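The values are calculated or read from the model by the stated rules, or taken from the named source; none is laboratory data. Predicted, not measured: the structure shown is a model, and the values here were computed from it. Here the Cβ positions follow ideal geometry from the backbone for every residue, glycine too, while neighbour counts run over all protein chains shown. The protein model used for the area step is the full one, side chains on, heavy atoms only, and it has no ligands, DNA or RNA in it. Shrake-Rupley method; radii C 1.70, N 1.55, O 1.52, S 1.80 Å.
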Amino acid sequence: MYNIYMISLGIETSCDETSVCLLMDKKILSLQTFSQVDLHSVYGGVVPEIASRDHLSKISTLMTKCIAESGISVSDIGVISYTSHPGLIGSLLTGIMFAKGISLSISKPLVEVNHREAHVFTCNITHGVSREFMCLLVSGGHTSVYCVDSDMRCTEVCSSVDDSVGEVYDKVSKSLGFGYPGGAIIEELAKYGDGKSYNLTVPLRNSMSFSFSGLKTQCLKIIQGIFAKYDVVQHLTHTDILKSLNCSTCNTISMYSQDVANLCASFQVAILHSLTSKLEMLLCSGAFKYKKLSFCGGVASNTFLRDGITSLCEMYGVDVFIPDKYLCTDNAAMVANMGILMLDCEL
Ligand code: KG4
Ligand code: ZN
């Protein structure tokens, strides 16, 4: 049933990205993604009702663009892969119904894809790795380490007992009065800060689990302190702060901006430390079954974390695979890829 030239149509609508992709033998023929961030940023997070309505209004146009860019016709599609879970129910339903409609109209099989597994196996598209590897998945919904065996079975080795790293990035950004999603904003501001300014601690250092809610609370308390100290300027946007950090004037705004940048940098240092110390513990305990690590999920598009994870892997002689940034955040290429892999090994 499966051949390497089979074209997989991937459909991703689990959260706030509407994404459609045509993939053939790890080659992306076309990937069309519409991000809803501008619609949700004013609310400081994703509003499920707005998300599902917007998926519905964009998905057909994205599909038309995908077909046009790839130069194939709909009947050339061999399999339709869609994200079935986890995700926002209304958003998922839009993708599911769209996928079913296409499948019925061209009589081609449907494959249900788990969103988390789609992230984990992204390294198959970018590095041709689909078996015998470890994966650190860090996104808005997950912070976990997985082990993928020779049969492509994906087993969780450890995960967060509370918040995911992406959630904490978003929460810190929101508390500072910045937009959603927070990851890229915090990363940008952190470049101007001193990561040693705040000594933030991450609990469960000696446990097999991650925990980030305590770090979130520490940051929120520091933010309250910063707001109290610089009372007048607390409603500045992150763009105002960037402007201030880029000019040499010394005033209350610049001092406030520097303090915020220092907190962002210290926060990133704490996140990296938590991720690397857990990986080190797994490496030393023998739980790291394969000396290959894929780092993926939306948070893996962060350059500071990518560099930190790469350095750790170099130190321990672990081959590291980090997808291009646009394949770290939610996208339909990873879904199309997962569908093909599932057909291939009849998972
Ligand atoms: O994988 P993803 O697109 O969606 C989920 O499956 O959750 O991840 C979204 C998360 C958001 O929390 C966002 O703030 C975070 O990824 N993110 C980043 C960066 N870009 C996106 N976090 C840190 N640094 C970034 N550059
Ligand atoms: Zn995701």
* Asked: Full extension from residue 39 to residue 64: what is 0.36 nm times the residue separation minus their Cα-Cα distance, to one decimal in nm?
  -> 6.7 nm
* Using the heavy atoms of the protein chains alone and a 1.4 angstrom probe, what is the accessible area of the stretch 149-204 per residue in square angstrom? -> 45 Å²
* How many Å² of accessible area per residue for the stretch 57-121, probe 1.4 Å? -> 43 Å²
* To do: Report, largest value first, the span of the C-alpha coordinates of the stretch 196-302 along each principal axis, in whole Å.
  => 53, 24, 21
* **Cα pair distances exceeding 17 angstrom across the stretch 145-241, given as percent** => 62 percent
* Structure fact -> Listed residues 138, 202, 20; largest mean-square fluctuation, Gaussian network over the chain with Cα springs below 10 Å, found at 202
* With every protein chain present, what is the per residue accessible area of the stretch 1-47 (1.4 Å probe, Å²)? -> 43 Å²
* Surface accessible to a 1.4 Å probe, residue 94 within the full protein complex, Å² -> 20 Å²
* Structure fact -> Rounded to 0.05, the calculated FRET efficiency for the beta carbons of residue 104 and residue 209 at R₀ = 51 Å is 0.70
* Asked: Hey, what's the Cα Rg ratio for the stretch 48-181 versus the globular rule of thumb, 2.2 N^0.38 Å?
  -> 1.24
* Structure fact -> At 4 °C and 1.567 mPa s, the Stokes-Einstein diffusion coefficient in µm²/s for the chain, with hydrodynamic radius from the Kirkwood sum on alpha carbon pairs, is 61 µm²/s
* Structure fact -> Taking R0 as 30 Å and r as the Cβ-Cβ distance between residue 285 and residue 25, the FRET efficiency 1/(1 + (r/R0)^6), rounded to the nearest 0.05, comes to 0.20
* Asked: In square angstrom, rounded to the nearest 10, how much accessible surface does residue 180 have for a 1.4 Å probe?
  -> 40 Å²
* May I ask you to work out the translational diffusion coefficient for the stretch 1-116 at 37 °C, viscosity 0.692 mPa s, via Stokes-Einstein with Rh from the Kirkwood sum over Cα pairs, reported in whole µm²/s? => 230 µm²/s
* Asked: When only C-alpha pairs under 8 Å and at least 6 residues apart count, what is the relative contact order of the chain, in percent?
  -> 22 percent
* Residue farthest toward the positive end of the dipole of the chain, with Cβ of Lys/Arg at +1 and Asp/Glu at -1: which of 118, 322, 252? -> 252
* Asked: For the chain, what % of the accessible area comes from carbon and sulfur atoms, probe 1.4 Å?
  -> 54 percent
* Asked: Which order do 126, 276, 201 take by accessible area at a 1.4 Å probe, largest first?
  -> 201, 126, 276
* Structure fact -> By accessible area (1.4 Å), largest first, 58, 289 order as 289, 58
* What are the lysines whose alpha-carbon lies under 27 Å from the alpha-carbon of residue 27, with same-chain residues fewer than 8 places away excluded? -> 58, 65, 100, 108, 291, 292, 325
* Given the protein chains as shown and a 1.4 Å probe, how many square angstrom of residue 156 are accessible, to the nearest 10? -> 100 Å²
* Nearest 5 is fine: what % of DSSP beta bridges in the chain come out antiparallel, could you say? => 60 percent
